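As structure tokens, the structure follows; a few thoughts come after it.
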Amino acid sequence: MKITVIGTGYVGLVTGTCLAEVGNDVLCLDLDPKKIETLKAGGIPIYEPGLEDMVQRNVAAGRLHFTTDIEESVAFGQIQFIAVGTPPDEDGSADLQYVVAAARNIGRHMDDYKLVVDKSTVPVGTADKVRAALAEELARRGAAIEFNVASNPEFLKEGAAVEDFMKPDRIVIGTDSERATQLLRQLYAPFQRNHERLRVMDVRSAELTKYAANAMLATRISFMNELAVLAEKLGADIEQVRHGIGSDPRIGYDFLYAGCGYGGSCFPKDVQALRRTGQENGVPLRVLDAVEEANDAQKQILVNKLVARFGNDLEGRRFAMWGLAFKPNTDDMREAPSRTMLDALWAMGASVSAYDPAAMDETRRIYGERADLQLVDSPMDALKGADALLIVTEWKVFRSPNFDTLKSLLKAPLIFDGRNLYEPRAMREMGFDYFPIGRP
Ligand code: UDX
């Protein structure tokens, strides 16, 4: 099939590349010429395991193409995926200007049937806006050309996006017509594997499904984070509690890890946007208000523990930070707990030496050169002479460090672990003052 993907950000690039991988002809459009040059040369502008090889393979095979030319991109695909950004605007709702502009461009230039598919995470009702924008452009041209609009939200996890796309749990499709349903069935047939993964529904339900999934996951995390705080007060162990409840199939083990808060490009933004949609429709989503509030508080938890230890004048102190990305296997620092912590530590006069296996360039891009931030080349380099270690992201390389070296490098054997990487008892036996989340 011939497919156009509008927007070569995270979602667009993964979608386009994976669709090419199963044999489709794919053209990806981006208005940023630098990005397109990079992609044509076989490089990728984001960090995602497995993606670069797949891009190169499909470009070489002549199935994956890149362009900045809107007319060319509209003419190319019968299916046009919209995968442009929807940044939150000031009041927290998704800014749809890029989505609507993409729809207008299609309406302006199309001369045969198109199926327009919203892939970006967009508020319920966006498909109607896309349809209206497209129809308006066609009317302006006096052109009577048929089109359909569908919603096909993504459920890609950063760091596992290629795998998630190639082997999905489910493929949610919201359509307005039999024609659109048939086209999308055909498109996704190679990803069905051993049982039916397609959930075909109406457009609004599909749009809401995306928010519901992320809001539910964020709710689980905030719930466990609050319980972890309580567990600490009670002398209970949140890890034992997690095991104790996870065995109930209605609950399950996944996404119950207490930590120093969730971040990323999805959970914070989607929870906020769904709350907003609730407000606009006179349906306050009180559970989600609390989910967000609890997460804001949780991002401060390591700093609070540190202040309990050192007081809030941290002038002259230096702390080691392991992990800056909002989670492992990505360089993404959007809404990352590390950023909340850096700001808080700097505000109290401390400096930080930090290491992350992937997010060093991103950190430099965000903060530039500053005297109170030292970016070092290895986990151990961060520790030299530091007053304590803060563990913020659960990268694999942090799981089994040489604890003797670690201890000898730190000023005092003090660890605040925001991701519960180690066994508290073992740490105690090795002589560490170890502060995990929700564990004795
Ligand atoms: C998420 C959804 O998982 C994905 O389906 C959706 O399409 C986009 O949003 P992503 O943002 O890449 O994906 O990250 P995810 O792995 O879900 O983690 C989100 C955040 O939650 C991270 O900050 C992570 O550290 C935190 N988290 C996750 C916890 O604190 N505890 C957990 O048990 C799980």
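The values are calculated or read from the model by the stated rules, or taken from the named source; none is laboratory data. Predicted model only: the values in this text are computed from it and were never measured. Because the Cβ atoms are built from the backbone with ideal geometry, glycine has one as well, and the counts that use them run over all protein chains shown.
Applying the set (1) under 21 Å from Asp95 (Cα atoms); (2) in contact with a helix residue (DSSP H, G or I) (Cβ under 6 Å, 6 or more places away or on another chain); (3) hydroxyl-bearing (Ser, Thr, Tyr) to Ser222 leaves exactly one unmet item: (1). For the range 272-299, the set of residues classified as modelled with pLDDT of 95 or more, in a helix (DSSP H, G or I) and among the aliphatic types (A, V, I, L, M) consists of Val287, Leu288, Ala290, Val291, Ala294, Ala297, listed by residue number. Looking across Glu362, Glu369, one residue alone is farther than 23 Å from Asn420 by Cα and within 16 Å of the ligand (Cβ to nearest atom). It is Glu362.
Just one of Thr126, Thr121 is touching a residue at least 12 places away in the same chain (Cβ under 8 Å), closer than 30 Å to Pro357 by Cα and either surrounded by fewer than 16 Cβ atoms within 10 Å (Cβ to Cβ) or under 23 Å from the mean Cα position of the chain (by Cα) (or both); which is it? That would be Thr121, the only listed residue that is touching a residue at least 12 places away in the same chain (Cβ under 8 Å), closer than 30 Å to Pro357 by Cα and either surrounded by fewer than 16 Cβ atoms within 10 Å (Cβ to Cβ) or under 23 Å from the mean Cα position of the chain (by Cα) (or both). Applying the selection to the range 32-76, what residues are in contact with a strand residue (DSSP E or B) (Cβ under 9 Å, 6 or more places away or on another chain), in a helix (DSSP H, G or I) and among the charged types (D, E, K, R)? Result: Lys35, Glu37, Lys40, Arg57, Glu72.
Just one of the listed residues (Thr121, Thr86) is assigned to a loop (DSSP other than H, G, I, E, B) and in contact with a Cys (Cβ under 9 Å, 6 or more places away or on another chain), namely Thr121.
Do the conditions hold for Asp254, that is, is it within 13 Å of the ligand (Cβ to nearest atom), without any contact (Cβ under 8 Å) to a residue 40 or more places away in the chain, over 25 Å from Phe147 (Cα atoms) and of a type outside the set (Val, Ile, Thr)?
Considered against the rule, which asks whether it is within 13 Å of the ligand (Cβ to nearest atom), without any contact (Cβ under 8 Å) to a residue 40 or more places away in the chain, over 25 Å from Phe147 (Cα atoms) and of a type outside the set (Val, Ile, Thr), Asp254 comes out as yes.
The number of residues in the range 204-223 that are more than 14 Å from Ala294 (Cβ to Cβ), more than 10 Å from the ligand (Cβ to nearest atom) and not aromatic (Phe, Trp, Tyr) comes to 8.
Filtered by the rule that a residue be within 16 Å of the ligand (Cβ to nearest atom) and either touching a residue at least 24 places away in the same chain (Cβ under 8 Å) or of a type in the set (Ser, Thr, Tyr) (or both), the range 145-162 gives Ser151, Asn152, Pro153, Glu154, Phe155, Leu156, Glu158, Gly159, Ala160, Ala161, Val162. On the stretch given as the range 372-392, residues that are under 22 Å from Ala308 (Cα atoms) and either within 16 Å of the ligand (Cβ to nearest atom) or surrounded by fewer than 11 Cβ atoms within 10 Å (Cβ to Cβ) (or both) total 4.
Restricting attention to the range 334-356, the residues that are buried (at least 24 other Cβ atoms within 10 Å of the Cβ) and within 12 Å of the ligand (Cβ to nearest atom) add up to 3. Within the range 257-279, if we keep just the residues that are free of Cβ contacts under 8 Å to residues at least 60 places away in the same chain and away from the ligand (no atom under 11 Å from the Cβ), the residue that is farthest from the chain's Cα centre (by Cα) turns out to be Gln279.
Yes or no: the range 96-117 includes at least one residue that is in a helix (DSSP H, G or I), within 16 Å of the ligand (Cβ to nearest atom) and either over 17 Å from Met201 (Cβ atoms) or in contact with a helix residue (DSSP H, G or I) (Cβ under 9 Å, 6 or more places away or on another chain) (or both). No: the range 96-117 contains no residue that is in a helix (DSSP H, G or I), within 16 Å of the ligand (Cβ to nearest atom) and either over 17 Å from Met201 (Cβ atoms) or in contact with a helix residue (DSSP H, G or I) (Cβ under 9 Å, 6 or more places away or on another chain) (or both).
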